[in-house]
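Remarks on the structure that follows.
The values are calculated or read from the model by the stated rules, or taken from the named source; none is laboratory data. Every value quoted in this text rests on a predicted model; they were computed, and no experiment measured them. Ideal geometry is used to build each Cβ from the backbone, glycine not excepted, and the neighbour counts take in all protein chains shown. Please note that ligands, DNA and RNA were not included when accessible areas were found on the heavy atoms of the full protein model with its side chains. Shrake-Rupley method; radii C 1.70, N 1.55, O 1.52, S 1.80 Å.
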Amino acid sequence: MRQLIAGNWKMFGKLADVPAYASAVLAAPTHVDLLVCPPFTLLDRFAAALKGSQVALGGQDCHANPQGAHTGDIAAPMLAEVGARYVILGHSERRNDHGEANAVIRAKTEAAMAAGLIPIVCVGETEAEREAGEAMQVVRSQLQHSLPAGFAGVAAYEPVWAIGTGRTPTETDITAMHADIRAALLAQLGEAGAKIQILYGGSVKPGNAASLLALPEVGGALVGGASLKAEDFLAIANAAPRG
Ligand code: PEP
């Protein structure tokens, strides 16, 4: 399966940034699936700039309802209408900043699938949980309670302490966690669990991408900071294994 290299711009970026970034990613390598998740305000401009290309667009969140009186929220059908194919859900910054619990993330995931979007559901332990030897238990519980029955999407393992810090787990720890996530997906979803792509996220950079993306069961990367510079994002995509 082709690896998915997804860029999460978080709350960064201006309309003026779109043309140069879009033309850079249009020259992206073709052995990976490339995805850009900018802030909502840039989606329409990106959709126009990337029209007809293989580079996909995604949102960074959606509401669990398809419409309604929810000030400041975005519905999954709205993302689909503007040209998004994916949506990131349950990012640790949403879990922390907005108190999103697993049940909320599960409802959002169902809404995303109902709107025809591919949800990327994030899971990951805090540093204290890892130090307490609870990382796998925490991640299993997040998967169990965040993924609805019939989940068809992507899982992203993002240790909270590795996001934006320049630190990453050891290759042994990533390999062990991804194997455990695969086992949990199979237990939860049956055969369908074998097909779910598992991304690694947390301080992926051009310098460490090749070794991280070569690990077993790593099906791509969710990239925050390094996705803001097209050159770095493309260097990460280029580092993904071929075939
Ligand atoms: C993220 O926010 O999903 C992320 C992985 O960030 P960074 O790459 O900056 O660690």
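Yes/no matrix, rows are residues, columns are (1) closer than 29 Å to ALA111 by Cβ; (2) away from the ligand (no atom under 13 Å from the Cβ); (3) open to solvent by 10 Å² or more (accessible area, probe 1.4 Å); (4) of a type outside the set (Val, Ile, Thr):
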{"site": "SER146", "(1), (2), (3), (4)": "yes, yes, no, yes"}
{"site": "ALA162", "(1), (2), (3), (4)": "yes, no, no, yes"}
{"site": "GLY190", "(1), (2), (3), (4)": "yes, yes, yes, yes"}
{"site": "GLY220", "(1), (2), (3), (4)": "yes, no, no, yes"}
{"site": "GLY224", "(1), (2), (3), (4)": "yes, no, yes, yes"}
{"site": "PHE233", "(1), (2), (3), (4)": "yes, no, no, yes"}
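Could you grab me the full set of residues in the range 78-109 that are away from the ligand (no atom under 16 Å from the Cβ), open to solvent by 60 Å² or more (accessible area, probe 1.4 Å) and closer than 21 Å to ALA6 by Cβ?
Of everything in the range 78-109, those that are away from the ligand (no atom under 16 Å from the Cβ), open to solvent by 60 Å² or more (accessible area, probe 1.4 Å) and closer than 21 Å to ALA6 by Cβ turn out to be MET78, GLU81, ARG85, ARG106.
Just name the residue that is nearest to the ligand (Cβ to nearest atom) out of those in the range 1-38 that are assigned to a loop (DSSP other than H, G, I, E, B) and open to solvent by less than 50 Å² (accessible area, probe 1.4 Å).
Per the criteria, the residue is LYS10.
When you check GLY116 against the structure, is it open to solvent by 20 Å² or more (accessible area, probe 1.4 Å) and free of Cβ contacts under 8 Å to residues at least 24 places away in the same chain, yes or no?
Spelling it out, it is not the case that GLY116 is open to solvent by 20 Å² or more (accessible area, probe 1.4 Å) and free of Cβ contacts under 8 Å to residues at least 24 places away in the same chain.
Go through LEU228, LEU199, LEU213 for me and flag whichever is within 16 Å of the ligand (Cβ to nearest atom) and either farther than 18 Å from ASN8 by Cα or open to solvent by 60 Å² or more (accessible area, probe 1.4 Å) (or both).
LEU228
Condition first: surrounded by 16 or more Cβ atoms within 10 Å (Cβ to Cβ) and touching a His at 6+ places or on another chain (Cβ under 6 Å). Now tell me which residues in the range 56-72 satisfy that.
The answer is HIS63, and nothing else.
How many residues, within the range 122-144, are away from the ligand (no atom under 16 Å from the Cβ) and touching a residue at least 40 places away in the same chain (Cβ under 8 Å)?
The qualifying residues number 5.
Would you check if ILE181 is within 15 Å of the ligand (Cβ to nearest atom), open to solvent by less than 20 Å² (accessible area, probe 1.4 Å) and in contact with a strand residue (DSSP E or B) (Cβ under 8 Å, 6 or more places away or on another chain)?
No.
Only one of GLU93, GLU129 is more than 16 Å from the chain's Cα centre (by Cα) and not polar (S, T, N, Q); which?
Unique residue meeting the criteria: GLU129.
For the range 39-58, enumerate the residues that are closer than 18 Å to LYS14 by Cβ and either in contact (Cβ under 8 Å) with a residue 40 or more places away in the chain or not in a loop (DSSP other than H, G, I, E, B) (or both).
PHE40, THR41, LEU42, LEU43, ASP44, ARG45, PHE46, ALA47, ALA48, ALA49, LEU50, LEU57
Among the residues of the range 203-224, which ones are more than 16 Å from ASP180 (Cβ to Cβ) and in contact with an Asp or Glu (Cβ under 8 Å, 6 or more places away or on another chain)?
LYS205, PRO206, SER211, LEU212, GLY220, LEU222
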